[in-house]
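A.B. asks: Sharing a structure below in structure tokens format, with a few things to ask.
The values are calculated or read from the model by the stated rules, or taken from the named source; none is laboratory data. Quantities reported herein were computed from a predicted structural model and do not represent experimental measurements. Backbone-built Cβ (ideal geometry, glycine too); neighbour counts: all protein chains shown.
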Amino acid sequence: MIGAHESWPLKPLLEARNLKVGYRRRWEGGRDGARVVLENISFGLYPGRVLAVIGPNGAGKTTLFKTLSGELEPLAGAVFLDGELDIRRLTARQKALRLSRVLQNERAAWPISARDYVETGLFAADGWFGSVSFASRIRVEESLATMDLAALSDRSVTELSGGEFRRVVIARALVQDTDILILDEPTADLDLANQLDTLALLRGLARRGKAIAFSVHDLNLAALAADEMILVDKGGIVAHGRPAEVLTPEVIQQAYGIRAIVQSRPDCDLPYVVPAPPWLKER
């Protein structure tokens with residue numbers, strides 16, 4: 001593994017220990033099998049830290065996030081909360097009190113208002129059919145405002161653009177007010193301004209002591225927001241460390257098969273990746 005990071009001084013809120021993730025299958029004749037996506041996965045999510053998970057299409061980022069959130073049972077290893085509680089022992093409601101999850105390809109299925117959609121994030125605290133407390137209603141409005149959705153709060157989610165609905169999904173995660181947030185491509189479908197606002201939000205949540213993990217394809221966005229990065233490829237973690245340790249020309253060439261120039265940003269000590277495809281010489 002390239003660029004293994006130093007141990008963080010804090011205890012992780014969520015920890016993956018020797019995970020093997022993938023999908024169980026039953027073959028013809030009743031034989032059980034599995035398609036392994038990633039294995040030998042060990043890392044933690046720490047309070048006050050933002051982790052970016054990057055990697056080529058199909059490398060296993062979404063499968064890893066499903067396993068971290070308890071949606072998908074690991075093929076081996078385990079995910080622990082607070083160092084000792086196996087996430088598989090928790091009910092859906094118990095997990096929702098500890099961990100918020102933004103799905104990669106969530107789509108609006110019912111014509112309910114954006115406000116009502118965000119309010120579904122309260123089920124862990126208030127129950128599906130319980131009365132919503134005044135404090136919870138305030139939290140819904142604050143989450144809508146944080147994602148700049150106040151003007152769209154009464155509009156049906158089926159009428160929103162992809163980017164607008166993405167902001168609704170993030171607002172629903174915020175209203176849960178959990179210590180751990182796992183966001184699969186939260187900047188997908190967003191324009192540049194909303195991408196940067198979302199990254200600023202993640203940084204702000206980390207400053208409040210929350211543990212954040214998000215996946216993203218844009219390597220420069222990852223470097224802007226992340227304290228540490230994990231690059232998954234070829235069935236495992238191939239690089240783990242701070243952005244400058246992971247985003248090197250050699251690592252990018254190995255994982256993505258492209259040549260890239262990596263420079264330091266002029267405004268701060270963070271790496272900036274410039275793709276260098278050979279066809280540029282023809283222009």
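A.B. asks: Looking only at the range 47-79, which residues are surrounded by 18 or more Cβ atoms within 10 Å (Cβ to Cβ) and more than 14 Å from the chain's Cα centre (by Cα)?
C.D. replies: Scanning the range 47-79 gives A59, L72, P74, L75, V79.
A.B. asks: I'm told N220 meets every condition in (1) buried (at least 19 other Cβ atoms within 10 Å of the Cβ); (2) in a helix (DSSP H, G or I); (3) among the polar types (S, T, N, Q) except one. Can you identify the failing condition by its number?
C.D. replies: (1)
A.B. asks: Within the set of pairs 6+ apart or on separate chains, which have a first residue in the range 174-186 that is in a strand (DSSP E or B), a second that is at pLDDT below 95 and of a type in the set (D, E, K, R), and C-beta atoms under 6 Å apart?
C.D. replies: Pairs found: I182/R101.
A.B. asks: Looking at the range 154-161, is at least one residue under 27 Å from A34 (Cβ atoms) and more than 20 Å from the chain's Cα centre (by Cα)?
C.D. replies: Looking for residues that are under 27 Å from A34 (Cβ atoms) and more than 20 Å from the chain's Cα centre (by Cα), one finds none in the range 154-161, hence no.
A.B. asks: Could I ask something else about it? Can you confirm whether R166 is over 15 Å from L99 (Cβ atoms), in contact (Cβ under 8 Å) with a residue 60 or more places away in the chain, surrounded by fewer than 24 Cβ atoms within 10 Å (Cβ to Cβ) and not polar (S, T, N, Q)?
C.D. replies: When the stated conditions are applied, R166 does not pass them.
A.B. asks: Could you list, in sequence order, all residues of the range 1-35 that are in contact with a Leu (Cβ under 8 Å, 6 or more places away or on another chain) and either modelled with pLDDT of 95 or more or crowded, with 19+ Cβ neighbours inside 10 Å (or both)?
C.D. replies: P12, L13, L14, E15, A16, L19, K20, V21, G22
A.B. asks: Can you pull out the residues in the range 187-196 that are surrounded by fewer than 17 Cβ atoms within 10 Å (Cβ to Cβ) and assigned to a helix (DSSP H, G or I)?
C.D. replies: Matches in the range 187-196: L192, A193, L196.
A.B. asks: Quick check on the range 255-283: of everything there that is modelled with pLDDT of 90 or more and acidic (D, E), which residue is nearest to D233 (Cα to Cα)?
C.D. replies: Step by step, filter the range 255-283, then rank; the result is D269.
A.B. asks: Also, quick follow-up: Contact list please: Cβ distance under 7 Å, first residue in the range 103-114 and more than 10 Å from V169 (Cβ to Cβ) and touching a residue at least 40 places away in the same chain (Cβ under 8 Å), second residue in a strand (DSSP E or B) and not acidic (D, E), pairs at least six apart or on different chains.
C.D. replies: If the second residue must be in a strand (DSSP E or B) and not acidic (D, E), the pairs left are P111/S156; I112/S156; S113/S156.
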